[in-house]
Amino acid sequence: MDKNTKFLVVDDFPTMRRIVKNLLADLGYNNVVEADDGNTALPILKAGGIQFVVTDWNMPGMTGIELLKAIRSEPSTASLPVLMVTAEANKEQIVEAAQAGVSGYIIKPFTAETLKEKLDRIIQRLQAAA
Amino acid sequence: MNHAELAQRLEQLHLAASAQCWPEVERGMQELEEARCRPFAQAVRRMAMDLQAEMQALQLDSRLARVAAEIPDARSRLDAVIQLTEDAATQTLDLVEDSRNYVMRLQELVGQGANWQEVGAIAAALRRNLTELSAAQAYQDLSGQIIRRVIGLVGTMEQTLGELMNLAGIEPLESEAPAKGELMGPVAGRQDKHNAASQADADDLLSDLGL
């Protein structure tokens, strides 16, 4: 995937946003914008240009699962890749995210290697579909 | 009040009502009501006194008061843990980002042919950052001490509440399954690990679902 791919990282903890941003930078992706919950993420998505969303689940305001559903139900964003990075690890939740159309699911705490592997897989699938 | 007395009172009330003496009827009704409730009120009062006496015997009352008094302190200490860990994470990330810039510069220098003086300066800066990174881990000791204190308080609370419930004859509940839609947070340390998935479980689950 193009190293200029524009990422939106959504997490209520600034530390976690920074960690994800650094890991993306290590993988060569430097075009990253941030939001602290679904409510602040939606206008950024609406403005256009975002090509990849990495989101937490548990956030005050609008949660990650609600954001995912909103992304899938809006035609202009419906096919965006959405990677969920969350501490929520119940099987029902993973199934719920899958049914809502999540592209990948990472359980916190995670390693740089896991993030790379999931990103690569999603990108491969996107390229295969294109 | 026995049944004969009750019948007599009702008869009087009936007469008063026939004569349309409403204030007398009201008063009579009220007396009847009070007479009927008295034994119940007395029983409740006696139970409350018994409970208080038993609590005093077990020193539950003073222990509860002490636990309640310590809760605000525990809350503010836990807030401090959040702050300590956040500060440490921020400091660590600052140092890592700074070090990353040095390493990138080193990689550039390798490509260009080494400038040994600059390489030496970068090595010194990286070494300084590593020392700072090490020092930043002190938060673990501090937050560990605070959390241990709060665990102690929660333990006392659990014991005191348990004795209080025992005294009141309340059966302890098995911990309930979470309500639907309730978020569980991190698995680490959770007593009920039912249904918790590892990354490998999550991967398997998603690939079963065609992802």
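Rule-based calculations on the coordinates, nothing more; no lab input. Computed from a prediction, not measured in an experiment: that's the story for all the values here. Note that we place each Cβ from the backbone using ideal geometry, even for glycine, and neighbour counts take in every protein chain shown.
Worth a mention:
- Length gained on full extension, residue B:123 to residue B:188, computed as 0.36 nm times the residue gap minus the Cα-Cα distance: 19.6 nm.
- Cα shape, chain A, gyration tensor, a/c 1.5 rule: rounded
- Approximating the spin labels as points 7 Å out from Cα along Cα→Cβ, the residue B:174-to-residue A:6 distance works out to 5.3 nm.
- Selected from B:118, B:26, B:163 as most flexible by GNM, with chain B as the system and alpha-carbon contacts under 10 Å: B:26
- Those lysines that a straight Cα-Cα span of less than 21 Å connects to residue A:69, excepting residues fewer than 8 apart in one chain: A:6, A:46, A:91, A:118, B:180
- Footprinting exposure proxy ranking of B:51, B:173, A:42, fewest other C-beta atoms within 10 angstrom first, gives B:173, B:51, A:42.
- Whether the stretch A:1-78 is rounded, prolate or oblate, judged on the alpha carbon gyration tensor where a/c under 1.5 counts as rounded: oblate
- Cα gyration tensor shape for the protein assembly as shown, rounded if a/c is under 1.5, else prolate or oblate: prolate
- Most mobile of B:167, B:93, B:64 in a GNM of chain B (Cα contacts under 10 Å): B:93
- Between the beta carbons of residue B:17 and residue B:69, assuming R0 = 41 Å, the FRET efficiency works out to 0.10 to the nearest 0.05.
- Taking chain A and dividing mean pair separation by its residue count, relative contact order in percent (alpha carbons under 8 Å, at least six apart): 21 percent
- Cβ crowding within 10 Å, taken as a proxy for footprinting-reagent exposure, orders A:7, A:110, B:40 from fewest neighbours to most as B:40, A:110, A:7.
- With neighbours defined as other Cβ atoms within 10 Å of a residue's Cβ, the residues A:12, B:98 order from fewest to most as B:98, A:12.
- The longest stretch of chain B left intact once loop-based trypsin sites (Lys or Arg not before Pro) with at most 14 other Cβ atoms within 10 Å are removed from consideration, loops following DSSP, is B:1-179.
- Assigned charges on the beta-carbon of Lys, Arg, Asp, Glu; chain A dipole about Cα centre (debye): 340 debye
- Chain B: relative contact order as a whole-number percent, Cα under 8 Å and 6+ apart: 23 percent
- Spin-label pair residue B:165-residue B:100: with each label point 7 Å from Cα along the Cα-Cβ axis, the two points sit 4.8 nm from one another.
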